[in-house]
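**Q** Below you'll find the structure I mean.
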Amino acid sequence: MSANAPEVKRITTHTLQRMKASGTKISMLTAYDFSFASLFDAAGIDVILVGDSASNVMAGHETTLPITLDQMIYHASSVIRGAKRSLVVVDLPFGSYQSNGDIALASAIRIMKETGAHAIKLEGGEEVVESIRRIISAGIPVIGHLGLTPQSIYKFGTYSVRAKEEAEAAKLRSDAKKLEEAGCFALVLEKIPAALAKDVSVSLSIPTIGIGAGPHCDGQVLVMHDMLGINTEFKPRFLRQYLNLHPQITAAVQQYIADVRSNDFPNESESY
Ligand code: KIV
């Protein structure tokens, strides 16, 4: 073993494929910084997604469209320093891959080279297959993303459930096959009917990771701010909130303000 060899066995794209084959569900959470990535990694999460949802939850934008490649690289390089065991996947942001395969490859290479991440994710079906092939041919693992693809929000008009009608469901099934054939090692399925997600998951040999796509996917992903209850206004049906941090953080901050104002903090044992 070389002096720089990792002490912990890293989850790889192959681990995820073995998990699907053995029926072991894959857990994925988003993270955008070192501290939460370290926590999630130590807790045993399989995959950390540096999602372009950073545009919403970190930067406060209404959509995922404004976040830049440089900003994603900043978040991803912080996350990677905290992830000793998890596989770290980074979203290609809007505008960094849609134009053509050369641009897509250049963006993916920047992410891999400047962050040390292990894979990228991008949204779309057959229209991005050429870009996916180019990226994979450079040795970069890719996760596809179908169903509700937030970078296309202005085309959809709403964040409601996708592929409820047969025509859209048929396109999604066909896109899923094309992404698998192009070499994606996994697919995110967002906000589609559970029965469709089940069909797709059974028909593919690569794992599907669902968000709002029912229980039959090979894994699940949630945005950390949603599952920890840091957001108050976002409560879709698919979200299970595991903590309710918003009121707890508010109470802690209010207590701190009161302690500072009353001169209770710092006390003697908190002083030098
Ligand atoms: O950006 C993100 O957080 C995502 C997940 C919702 C899958 O793409």
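**Q** Just the number please: accessible area per residue for region 1-125, 1.4 Å probe, all protein chains included, in Å².
**A** Averaged over the residues of region 1-125, the accessible area is 45 Å².
**Q** Same structure, new question: Multiplying the sequence separation of LYS177 and SER269 by 0.36 nm and subtracting their Cα-Cα distance, what value in nm do you get?
**A** In short, 26.7 nm is gained.
**Q** Which value, in debye to the nearest 20, gives the size of the charge dipole of region 13-245 about its Cα centre, when Lys and Arg are +1 and Asp and Glu are -1 at the Cβ?
**A** 560 debye
**Q** Distance check, please: which entries in LYS113/LYS235; LYS20/LYS121; LYS121/LYS198; LYS113/LYS198; LYS177/LYS235 exceed 30 angstrom between their Cα atoms?
**A** Values: LYS113/LYS235 36 Å; LYS20/LYS121 19 Å; LYS121/LYS198 21 Å; LYS113/LYS198 36 Å; LYS177/LYS235 32 Å.
Correct reply: LYS113/LYS235; LYS113/LYS198; LYS177/LYS235.
**Q** Ok, one more. Only Cα pairs under 8 Å and at least 6 apart count here; give the relative contact order of region 13-245 as a rounded whole percent. Intermediate results must be reported in sequence, preceding the final value.
**A** Numbers: 475 pairs, mean separation 40.5, N = 233.
17 percent.
**Q** DSSP loop (so not H, G, I, E, B), at most 14 other Cβ within 10 Å: list which trypsin sites (Lys or Arg not before Pro) in region 183-243 pass both filters.
**A** Sparse-neighbourhood loop trypsin sites (Lys or Arg not before Pro): ARG237, ARG240.
**Q** Next question. Note the full-extension length gain between ILE249 and ASP70 as 0.36 nm times their separation in residues minus their Cα-Cα distance, in nm to one decimal.
**A** 61.4 nm
**Q** May I pose another question? Could you check the simple spin-label distance between SER137 and ARG18, using points 7 Å along Cα→Cβ, in nm with one decimal?
**A** Result: 3.1 nm between the two label points.
**Q** Which of LEU228, LEU196, LEU122 ends up with the largest GNM mean-square fluctuation for the chain, with Cα atoms connected below 10 Å?
**A** LEU228
**Q** Ratio of alpha-carbon Rg to the 2.2 N^0.38 Å globular estimate for region 119-208, to two decimals, please. Can you show the working numbers first?
**A** Working: Rg = 12.5 Å, N = 90, 2.2 N^0.38 = 12.2 Å.
Taking the Cα Rg and dividing by 2.2 N^0.38 Å, one obtains 1.03.
**Q** How far apart, in nm, are two points set 7 Å out from the Cα along the Cα-to-Cβ line at LYS84 and at SER99?
**A** 4.2 nm
**Q** Using only DSSP helix segments of four residues or longer, with each worth -39500 (n - 2.57), what per-residue ellipticity at 222 nm results for the chain after dividing by its residue count and rounding to 500?
**A** Taken over the chain, the calculation gives -12500 deg cm²/dmol.
**Q** Also: If packing is taken as the average number of other Cβ atoms within 10 Å across a peptide's residues, how do 82-88, 242-248, 256-262 rank, most packed first? Each step should come with its number before you reach the end.
**A** Numbers: 82-88: 21.9, 242-248: 12.6, 256-262: 10.7.
Final packing ranking: 82-88, 242-248, 256-262.
**Q** Label VAL8 and SER38 with points 7 Å out from Cα along Cα→Cβ: what is the distance between them in nm?
**A** 1.2 nm
**Q** Along its principal axes, what span do the Cα atoms of region 188-231 show, with the longest given first and each in whole Å?
**A** Extents along the principal axes: 36, 18, 12 Å.
**Q** Given an 8 Å cut-off on Cα distances and at least 6 residues of separation, report the relative contact order of region 82-202 as a percent. Write down the numbers at each step before the final one.
**A** Values: 179 pairs, mean separation 29.3, N = 121.
That works out to 24 percent.
**Q** Right, something else. With all pairs of different alpha carbon atoms counted, what Kirkwood hydrodynamic radius in Å does the chain show?
**A** It works out to 19.6 Å.
**Q** Residues of region 224-251 with backbone nitrogen within less than 19 Å of a virtual label 7 Å along the Cα-to-Cβ line of LYS25, please, listed as ranges.
**A** It comes to 224-229, 236-243, nothing else.
**Q** Let me ask something else. State the Cα centre-to-centre distance between region 36-65 and region 214-272 in whole Å.
**A** 15 Å
**Q** Next question, about the same structure. If contacts are Cα pairs under 8 angstrom and at least 6 residues apart, what is the relative contact order of region 1-87 in percent?
**A** 38 percent
**Q** Would you tally the net charge around SER160, using a Cβ to Cβ cut-off of less than 14 Å, leaving SER160 out, and scoring K and R as +1, D and E as -1?
**A** +2
**Q** Looking only at THR64, THR149, THR250, which one moves most when the chain is put into a Gaussian network model with springs between Cα atoms under 10 Å?
**A** Checking each option, the largest mean-square fluctuation is seen for THR250.
**Q** With the Cα gyration tensor of region 37-107 giving a ≥ b ≥ c as the square roots of its eigenvalues, does the rule (a/c under 1.5 for rounded; else a/b larger than b/c for prolate; else oblate) give rounded, prolate or oblate?
**A** Oblate is the answer for region 37-107, as a/c is 1.5 or above yet b/c matches or exceeds a/b.
**Q** Further, regarding this structure: Please state, to two decimals, what the Cα-based radius of gyration of region 199-272 comes to when divided by 2.2 N^0.38 Å (N = residues). Walk me through the intermediate numbers first.
**A** Working: Rg = 21.0 Å, N = 74, 2.2 N^0.38 = 11.3 Å.
Here the Cα radius of gyration is 1.86 times the empirical estimate.
The values are calculated or read from the model by the stated rules, or taken from the named source; none is laboratory data. Computed from a prediction, not measured in an experiment: that's the story for all the values here. Reconstructed Cβ throughout: ideal geometry from the backbone, glycine too, with neighbour counts over all protein chains shown. Surface areas here come from the heavy atoms of the whole protein model, side chains and all, with no ligands, DNA or RNA. Shrake-Rupley method; radii C 1.70, N 1.55, O 1.52, S 1.80 Å.
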